[in-house]
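Read through the structure below, which is laid out as structure tokens, and then see the notes.
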Amino acid sequence: MNAFKPRETLTEQVARHIENLIAFGQLRSGERIYEGAMAKEMDVSHGSIREGLLLLEKRHLVRNVPRKGAFVTPLDDYFVRSLYETLELYLTHTGRKLVRQWQPADMERLESLYARMKDCFEKSDLMAFLELGIEYTKASLAYADNYFIVAAIDDLWPSAKRCAFVAFQQGGSHVFEDNLAHMQESIQAIKDRDEEKLAGILHRYAMQQCQQVLDAIATTDRKGA
């Protein structure tokens, strides 16, 4: 029997739309989000926009300031370093469990996602590459077995996508290549059931992409100056 999957609520649809506007740079760092204009653009009520913004605050993309309105969370040095430090902690912890417990079906899924991402790179399909990257990381959580970690990572995905887009957009093809190389090394470490090797790969990659995002932000700031 197929598991029941409820339809996405209006609030979730609104949140997803605004999330993508932020993640792909159409709403900029620190920019105010006007509820009225957004409601008109999406043809929904102010209440639906407000509920969507509350959800995005939980996902770290929006700050709701009393009596001032909603603003896109600033994408600055502190935010980026905090994100990658947290992701490394969570993914290293869950990655160790994956190394110990993976089954052939898990490996087939990871290798399939890697192959699809490589194909997206060759086709220069950035959006699909980003979405598959998130899907790959979610697949690596198969044995997380921790409600709080899984819930926390779910709330970090939008910020991870936002940062990755900035890095890929500014950094060119070598950022894609670095990402694919990291995945290939990670898959081999998982196959070898080598926890320490995987932890080292995740640390290096987190530090590398963190710096790529910071460099991209600095480049953007210089151009805007």
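Of all the listed residues (Val99, Val62), the sole one being assigned by TED's automatic domain parsing to the domain that holds Phe24 and either modelled with pLDDT of 95 or more or among the acidic types (Asp, Glu) (or both) is Val62. Say whether the condition of being in contact with a Phe, Trp or Tyr (Cβ under 8 Å, 6 or more places away or on another chain), of a type in the set (S, T, N, Q) and assigned to a helix (DSSP H, G or I) is met by at least one residue in the stretch 187-199. The answer is no, given that none of the residues of the stretch 187-199 is in contact with a Phe, Trp or Tyr (Cβ under 8 Å, 6 or more places away or on another chain), of a type in the set (S, T, N, Q) and assigned to a helix (DSSP H, G or I).
Scanning the stretch 103-150 for residues that are under 24 Å from Leu21 (Cβ atoms) and of a type in the set (Val, Ile, Thr) gives Ile134, Thr137.
Within the stretch 152-160, none of the residues are out of contact with any Ser or Thr (no Cβ under 6 Å at 6 or more places or on another chain), loosely packed, with under 14 Cβ neighbours inside 10 Å and not in a helix (DSSP H, G or I). Contact annotation: residue pairs with Cβ atoms under 6 Å, 6 or more positions apart or on different chains, pairing a residue in the stretch 6-30 that is closer than 15 Å to Ser159 by Cβ with a partner that is part of a helix (DSSP H, G or I) and of a type in the set (D, E, K, R), are Ala23/Lys161; Ala23/Arg162.
Within the stretch 109-151, which residues are aromatic (Phe, Trp, Tyr) and over 15 Å from the mean Cα position of the chain (by Cα)?
Within the stretch 109-151, the subset aromatic (Phe, Trp, Tyr) is 114, 121, 129, 136, 143, 147-148.
Within the stretch 109-151, Tyr114, Phe121, Tyr143, Tyr147, Phe148 qualify.
The number of residues in the stretch 140-151 that are surrounded by 15 or more Cβ atoms within 10 Å (Cβ to Cβ) and either touching a Lys or Arg at 6+ places or on another chain (Cβ under 8 Å) or of a type in the set (Phe, Trp, Tyr) (or both) comes to 2.
The values are calculated or read from the model by the stated rules, or taken from the named source; none is laboratory data. Just so it is clear, the structure is predicted and the values come from calculations on it, not from any experiment. Reconstructed Cβ throughout: ideal geometry from the backbone, glycine too, with neighbour counts over all protein chains shown.
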